[in-house]
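Everything on this sheet refers to the single structure shown next.
The numbers here are math on the coordinates, done by the rules we state, and not lab data. The model shown is predicted, which means the values in this text are computed figures rather than measured ones. So basically every Cβ, Gly included, is an ideal-geometry build from the backbone, and we count neighbours across all protein chains shown.
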Amino acid sequence: MKLSHSLIAAALTSTLVLSACSNDDEPDDTATSTTEDGSGASGGASGDGADATGDAADQTGDTADETGDVADQTGDTAGETEDAAGETDDAGADEALTAALGIDEADTWAKDLLTTAMESTQLDGKEATELREKAFAGAELEAQRAAGLLEAVTGKPAEWDAEESPIDFQVLAISKSGERGPGLVLVQSIPEEGNPVLSLIARQKDREQFRIVWQGQMLSGTSIGEFERRSVGSGKFMLDEDEGLVASPKEVLDDLAAYLSFPNEGESPDIKTNGYAPAVREQAQQQANDVSVQADFTQTHELGDQQVHTLELADGSALTFAVLDRTSVFDVYDGMELTPPDSFWYFTRDRSITEEATLHTSAFVALHIPTDGQPEVIAAREQIVDSEGD
């Protein structure tokens, strides 16, 4: 006979309460995101969220403090004071102007894509699908599709009107022209409520269209240092490249993936996570506890086949944007049964799990990799994208 039932304790996202980062006024065409103290130093966040013990219960005030103050949001676009040289994309006029596209063009793409992305959340069916495909690509598009599917469980986003509440954003960086890989534009937007959101926009294979390929909220206390002038453009690092950095993006991401996995009895990597890793591990422990009578729970992370993008900051350090593929597995004990929640059913149409249930989640992470010191997770976001069960 079938024994006791249990809900799969699967959260749609890791809920982290984050604090905003304000933006300084810039007299030229640089654009800087700073900490609450206005220092503007890259990787200068206070509070170490990557507890070396890996004990999620021992979080020393940096695990996304729910009472964290939101810093002043100046909302300046850092683009109103560019001189004439900064508003042209004509490298022939000035050899120093080597950005992949002009500042005005980057601003236009950012405004159009962020607006289209928001509009897609206000619609359903075919109309929403078409707008998502105009705004997003890659893993981000997959995540947005899944979020749309799960609106029946999570609820519709708040109503929004572009004319009444235009998106407050600034372009922080533009990649150099002639670099390997697609042209990139990094944008920070300030929502009416909540935390600054970073959006990475990449040129598509047709070389004409841009799409949002990565989005994530900044974590409490984090900041972004200064990039090269946007008219000049920021360099890029390849996945395995570590010249001048404490480690290559791949090495840091692999270390983070291993640290986030559960159970984990290995050594903790030298990465500051600003509360993100403890929150993920604590959630995994809670899920394991909730189903301990019915199933064995494990959770792994790995760097998937989605492209990793890394932009160079003015000081030679790097900002890496990646997607970690999380696989959460509930291995059901003999004679036991799990009754999954609606969020699981929307993918599988299965109301009873007697062998194994698997959840697939995309974890969008941004890390600062310095030339000296600790790599640091500065932004993160999660979205369940699929599930399966027997």
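Remarks
- Gain upon complete extension [Trp160, Glu208; 0.36 nm per residue less C-alpha separation]: 14.4 nm
- For Glu228, residues with placed amide H under 5 Å, excluding near neighbours: Ala314
- Karplus-based coupling profile of segment 125-136, in residue order and whole Hz: x, 4, 4, 5, 4, 5, 5, 4, 5, 7, 9, 10, with θ = phi - 60° in 6.51 cos²θ - 1.76 cosθ + 1.60 and x standing for Gly or Pro.
- For Met336, no residue 5 or more places off, or on another chain, has a built amide H under 5 Å of its own.
- Whether segment 103-389 is rounded, prolate or oblate, judged on the alpha carbon gyration tensor where a/c under 1.5 counts as rounded: oblate
- Phi-based couplings in Hz for segment 258-269 (Karplus 6.51, -1.76, 1.60; Gly and Pro marked x): 5, 5, 6, 5, 9, x, 9, 10, x, 6, 7, x
- Once backbone amide H atoms are built at 1.01 Å from N, Ala173 has Leu186 as its partners under 5 Å, excluding neighbours fewer than 5 places away on the same chain.
- FRET efficiency, Asp242 to Leu141 (Cβ-Cβ, R0 25 Å, nearest 0.05): 0.25
- Using the Karplus relation 6.51 cos²θ - 1.76 cosθ + 1.60 with θ = phi - 60°, the per-residue 3J(HN,Hα) values for segment 292-302 come to 4, 7, 9, 7, 9, 10, 9, 9, 10, 10, 8 Hz, with x marking Gly and Pro.
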